[in-house]
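Chemist: Before I ask anything, here is the structure I am working with.
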């Protein structure tokens, strides 16, 4: 089977995964901030970890689609997707590193608000990338 004509578009599938994980993490961290169980913070962390590990695959599959389906044309939309995609990969890796190496840094009162805002920013990047991608459908 010719991969260029395969009916399965990996990028469409993988991008929905990260687009779901970051908002879920934001919601869980918000619930934790409002007094819910600490398990919400842990669940949010794992959502971010899974999204971070998936992000390079999402980026690579998007770059592949861009090169094969869109002949690597540079447009404003593609340029934004390329730049924000790299930013999301690096930013989410930073979120995971901070929470993994210094878990006390995200404990309530010790930078939790900054971490929460950072997760909101990652969520905004994922939503923006999805918004740009929706322009091709």
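Every number in this text was worked out from the coordinates using simple rules, so none of it is lab data. These numbers come from a predicted model, not from an experiment. Ideal geometry is used to build each Cβ from the backbone, glycine not excepted, and the neighbour counts take in all protein chains shown.
Chemist: Once the principal axes of the Cα atoms of region 71-137 are found, what is the range along each, listed largest first in whole angstroms?
Modeler: 47, 17, 15
Chemist: If you rank 31, 21, 125 by fewest surrounding Cβ atoms within 10 Å, what's the result? Walk me through the intermediate numbers first.
Modeler: Numbers: 31 16, 21 24, 125 19.
Exposure proxy ranking, most exposed first: 31, 125, 21.
Chemist: Would you mind ranking 58, 84, 127 so that the residue whose beta carbon has the fewest other beta carbons within 10 Å leads the list? Walk me through the intermediate numbers first.
Modeler: On the way: 58 24, 84 17, 127 13.
The order, fewest Cβ neighbours first, is 127, 84, 58.
Chemist: Neighbouring Cβ atoms within 10 Å as the yardstick, rank 135, 81 fewest first. Please list the in-between numbers first.
Modeler: Working: 135 9, 81 21.
By the 10 Å Cβ count, ascending: 135, 81.
Chemist: For the chain, what does -39500 (n - 2.57) per DSSP helix run (n ≥ 4), summed and divided by total residues, give at 222 nm, in deg cm²/dmol to the nearest 500? Before the final figure, lay out each step's value.
Modeler: Values: 4 runs with 105 residues, N = 137.
After summing the helix terms and dividing by the residues of the chain, the value is -27500 deg cm²/dmol.
Chemist: Note the angle between two axes, namely the Cα long axis of helix 10-33 and the longest principal axis of the Cα atoms of the chain, as a number of degrees from 0 to 90, rounded to the nearest 10.
Modeler: The answer is roughly 20 degrees.
Chemist: Percentage of Cα-Cα pair distances in region 1-108 greater than 17 Å, rounded to whole percent?
Modeler: Numbers: 3439 of 5778 pairs.
Across region 1-108, Cα pairs with separations above 17 Å total 60 percent.
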